[in-house]
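The values are calculated or read from the model by the stated rules, or taken from the named source; none is laboratory data. Treat the numbers as computed from the prediction; the structure is a model and nothing was measured. As a convention, Cβ positions derive from the backbone with ideal geometry for all residues, glycine included, and neighbour counts pool all protein chains shown.
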Amino acid sequence: MQEMLDSLPYIPLFHDLDPAQIDALKPLFEPFTTPTETVIFEQGDPATYLYLILKGAVLIRYKPYDGPSIILTRLREGDVFGWSAVIGSPRYTSSIISESALEAIRIRGEDLWKLVEEQPKTGKMIIDRLAKIVSPRWEKAHEQIQSLMSLSQIRKQE
């Protein structure tokens, strides 16, 4: 498990960080592994951790209040999930299920913000990089949800 944390300098999110920055990050992250078809967290669970996938894949599942669950997307190596823990949302807005055996590292959202306060340069760099990883997916998810909601409204009118 410690090998996962030793790989931090080789993970694209952490490229170009100096050894002191890596040393500051290592104690904040913890390894996380789970077998296939495990619910990592459910929509509505307390938003605690942000996860970075090292190996494996997960599904993001969303349940509208008035309809069945839908799979929004699949995430793979290098992707991030659990962003609610960082943006200050008290609850996760979707469920995450491992699609294969998963190896990841995770950080508590509050620990990431503490890093921003204590080491602003490093913290801001990590937050900015995480946002770049997540932002295209948010846009797609938002578009997909809006499309599905519109379709649901059309069906109700018929």
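Give me the residue from the stretch 39-59 that is at pLDDT below 95 and touching a helix residue (DSSP H, G or I) at 6+ places or on another chain (Cβ under 8 Å) and, out of that set, farthest from L112 (Cα to Cα).
Among those that are at pLDDT below 95 and touching a helix residue (DSSP H, G or I) at 6+ places or on another chain (Cβ under 8 Å), it is L54.
Being buried (at least 20 other Cβ atoms within 10 Å of the Cβ), in contact with a Ser or Thr (Cβ under 6 Å, 6 or more places away or on another chain) and of a type in the set (S, T, N, Q) is the filter here, so list the residues in the stretch 67-112 that pass it.
S84, S98
Here are the criteria: (1) among the aliphatic types (A, V, I, L, M); (2) crowded, with 18+ Cβ neighbours inside 10 Å; (3) part of a strand (DSSP E or B). Tell me which single one L25 does not satisfy.
The number of the failed condition is (3).
Filter the stretch 100-127 for residues that are over 12 Å from the mean Cα position of the chain (by Cα) and farther than 17 Å from D18 by Cα and give the result.
S100, A101, L102, E103, E110, D111, L112, W113, K114, E117
Can you tell me which residue is nearest to F32 (Cα to Cα) among those in the stretch 76-128 that are out of contact with any Leu (no Cβ under 8 Å at 6 or more places or on another chain), of a type in the set (A, V, I, L, M) and in contact (Cβ under 8 Å) with a residue 60 or more places away in the chain?
L102
Hey, among I70, I53, which residue is of a type in the set (V, I, T), in contact (Cβ under 8 Å) with a residue 12 or more places away in the chain and over 23 Å from I126 (Cβ atoms)?
Numbers: I53 fails: over 23 Å from I126 (Cβ atoms).
Answer to the check: I70.
Checking the structure you have, find out if any residue of the stretch 46-54 is assigned to a loop (DSSP other than H, G, I, E, B) and either over 14 Å from the mean Cα position of the chain (by Cα) or of a type in the set (D, E) (or both).
No, every residue in the stretch 46-54 fails to be assigned to a loop (DSSP other than H, G, I, E, B) and either over 14 Å from the mean Cα position of the chain (by Cα) or of a type in the set (D, E) (or both).
Closer than 18 Å to K124 by Cα and touching a helix residue (DSSP H, G or I) at 6+ places or on another chain (Cβ under 9 Å): which single residue out of S94, S84 fits that description?
S84
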